[in-house]
Amino acid sequence: MSDKINIIDEIESRIKKGLINGYNDNILFTQNYSDLQSRIIEYLIVVNVAQELKEYCFKRGIDVNLEYSLNNFYNNAFPSAVIEGDIFNSKLVNRKNHSPEDSKSKRLDIVLTSEMQNNNETFPSTKSMVGIEIKSINQANKKIKQDIIRLSKALNLTDPISENYIKAGFVCFFKRFDKEDKIMSNKEYEIKVKKELEKWQTYFQDLRETYTALRCSISEVKVATSTAENYVQNFQEHEYDFSEVAQNTGFINAYCIRIDRNE
């Protein structure tokens, strides 16, 4: 396995740790001491993911940027300029404009960049490496798909000046499968989780028809699993009522969608 793949795998692992830490901080800072919460403060998740990434990345010359311009992310997929030809017949070649057509003012939650320099670069320039988007809980699938498309377009960019330096994109979101006024069993939860994964796998198959050089994968992280079965066994029946069980049980997963190339 190449060093590039090792780095991206480690980045993915640290993103997942940050998602869990961010959820726990949401519980702490909103004074909600049950195991579950249907409202998540998104920036707490973003900061926790960035904190989880910083030590690993900084040691490897990778910068962690918050609220990074999508326009810069696209354009910095390539060096700003290179020198072509030999010393007697050289010319300066600039990259093309890769500004996104639909959302130039859009910002990505976290972007990893590096100052790697090519042999024919006139000077070191910032290179985009990884883009990360994070959604809070129970967001519309449409918004999640918009982030997937933006990152897929970034990975799919080409320019005669050089190869594309973007290595991967990640879209993360949280999903609560139960409701605060209902009780869900383990079996019901497993059925819903299976359907959630199948839904995204079907979407990825459709996406491959447009982005043939890319691949998408999704992995789940169990953030909070508090079953009705486990809750009620600790009490006598007269000690709890339906509302207490519903409020103190439930299932929340985090999902991490990874987009990279087939190579």
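The values are calculated or read from the model by the stated rules, or taken from the named source; none is laboratory data. This one's a predicted model, so the numbers in the text were calculated from it and none came from an experiment. Note: ideal-geometry Cβ built from the backbone for every residue, glycine included; neighbour counts use all protein chains shown.
Worth pointing out:
- Considering (1) at pLDDT 95 or above; (2) surrounded by 14 or more Cβ atoms within 10 Å (Cβ to Cβ); (3) assigned to a helix (DSSP H, G or I), the lone condition that Asp9 does not fulfil carries the number (2).
- Pairs, first modelled with pLDDT under 95 and of a type outside the set (A, V, I, L, M, F, W, C) in region 184-207, second surrounded by 13 or more Cβ atoms within 10 Å (Cβ to Cβ) and assigned to a helix (DSSP H, G or I), C-beta under 9 Å, six or more apart: Ser185/Ala228; Asn186/Ala228
- Annotation note: of Leu36, Leu19, the sole residue that is buried (at least 18 other Cβ atoms within 10 Å of the Cβ) and either at pLDDT below 95 or in a loop (DSSP other than H, G, I, E, B) (or both) is Leu36.
- Among the residues listed as Ala154, Ala213, Ala168, the single one being surrounded by fewer than 15 Cβ atoms within 10 Å (Cβ to Cβ), closer than 30 Å to Val93 by Cα, at pLDDT 90 or above and within 21 Å of the chain's Cα centre (by Cα): Ala213
- Taken over region 51-76, residues that are in a strand (DSSP E or B) and either among the hydrophobic types (A, V, I, L, M, F, W, C) or modelled with pLDDT under 95 (or both) amount to 3.
- Per-region count, region 178-229, residues charged (D, E, K, R) and assigned to a helix (DSSP H, G or I): 12
- Residues of region 103-126 satisfying the condition of being part of a strand (DSSP E or B) and modelled with pLDDT under 95: Ser114, Glu121
- Test: residue in region 50-60 that is in contact with a strand residue (DSSP E or B) (Cβ under 8 Å, 6 or more places away or on another chain) and of a type in the set (S, T, N, Q): no
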